[in-house]
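A short write-up of the structure that comes next.
The values are calculated or read from the model by the stated rules, or taken from the named source; none is laboratory data. All values reported here derive from a predicted model rather than from experimental measurement. Here the Cβ positions follow ideal geometry from the backbone for every residue, glycine too, while neighbour counts run over all protein chains shown. Please note that ligands, DNA and RNA were not included when accessible areas were found on the heavy atoms of the full protein model with its side chains. Shrake-Rupley method; radii C 1.70, N 1.55, O 1.52, S 1.80 Å.
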Amino acid sequence: MIRGTDGYNDVVAAPGHLALAPEIDQYRQQFECLAAEADTLVAPLTEEQFTWRPTPGSWSVAECIDHLNSTARLYLPRLDEGIAESIRRGLYGEGPFTHDLIGRFFVRTMEPPVRLKVKAPKTFQPGSHRSRSEIMAAFRAYQVQFVDRLRQASGLDLRRAKVHSPASTWIKMSMNSGFALMVAHERRHLWQAQRVIAAPGFPNGS
C-alpha cells in the first residue's frame, strides 16, 4: 500500500487479477464507470464553470464532487471495520445477495432523479479552497479504494456482513446494501453536477 500524507491519496495495489463474486464485480464496474464519468463531465469545464453556483445556497460542480470525497473519507473506515468483523466471524457465503429493508429504502431514495432532498450533515459538506486537481485526484483515488474494499469483501456473505453508516451510529445495513448505497450516492451527485451545467446562467466558457 502507498499512503499519501493528505489521507485521500492512498493507492492500494490490486492483488492480481483475482476472480470476483458476481455482485462484487458489478459494483467494481460501476465504481470504475463513475470515475470515468466524472472525468468526462469535468474535462471540458473552465475553472469558472467548475466552481459556478446556480444560486447562492446551491452547490457547484466542484462541491458536488468534493462532497463525494468527504463521504468516501468517512465511509471507507466503516467498510474496513465491517469487512474485518465479518472475516473474524467467518461470514462467508455465495450469492445472489438481497438487500435488507433499511438498505433497500436508502438505495431507492438515493438513486437519481432525486425525489427526496436531504441536507448533508456538516461533516459531509464539501471542503473549502480545494483546487480542481486536488478534488479530481481525490475522487479517482477513492474509486480505487472502493474497488480494493470490494476485493477484500469478495467471498463474504454480503447479506450477513454488516456495515455502519458514518452518518449515524444506529444505522446498520448489509454490506451488499452498503456498496449499492455508495454507487447510488455517487450517481446522485454526478447527476446533480450535470444539472448545474444545464442550469440557466451557466457560464459559456469563453
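Just name the residue that is farthest from the chain's Cα centre (by Cα) out of those in region 68-108 that are farther than 22 Å from Gly155 by Cα and hydrophobic (A, V, I, L, M, F, W, C). This residue is Leu101.
Screening the candidates Val107, Val144 for the property of being open to solvent by 50 Å² or more (accessible area, probe 1.4 Å) and not acidic (Asp, Glu) yields one hit, Val144.
So that you can scan it fast, the table gives a plain yes or no per residue for (1) without any contact (Cβ under 8 Å) to a residue 60 or more places away in the chain; (2) assigned to a helix (DSSP H, G or I); (3) touching a Lys or Arg at 6+ places or on another chain (Cβ under 7 Å); (4) not polar (S, T, N, Q):
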| site | (1), (2), (3), (4) |
| --- | --- |
| Gly82 | no, yes, yes, yes |
| Glu85 | no, yes, no, yes |
| Phe97 | no, no, yes, yes |
| Ile102 | no, yes, no, yes |
| Val107 | no, yes, no, yes |
| Lys117 | yes, no, no, yes |
| Arg140 | no, yes, no, yes |
| Val144 | no, yes, no, yes |
| Leu158 | no, no, no, yes |
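Residues in region 149-198 that are among the small types (Gly, Ala, Ser) and open to solvent by 20 Å² or more (accessible area, probe 1.4 Å): Ser154, Gly155, Ser165, Ala167, Ser168, Ala198.
Could you grab me the full set of residues in region 28-70 that are in contact with a His (Cβ under 8 Å, 6 or more places away or on another chain) and in a helix (DSSP H, G or I)?
Cys64, Ile65, His67, Leu68
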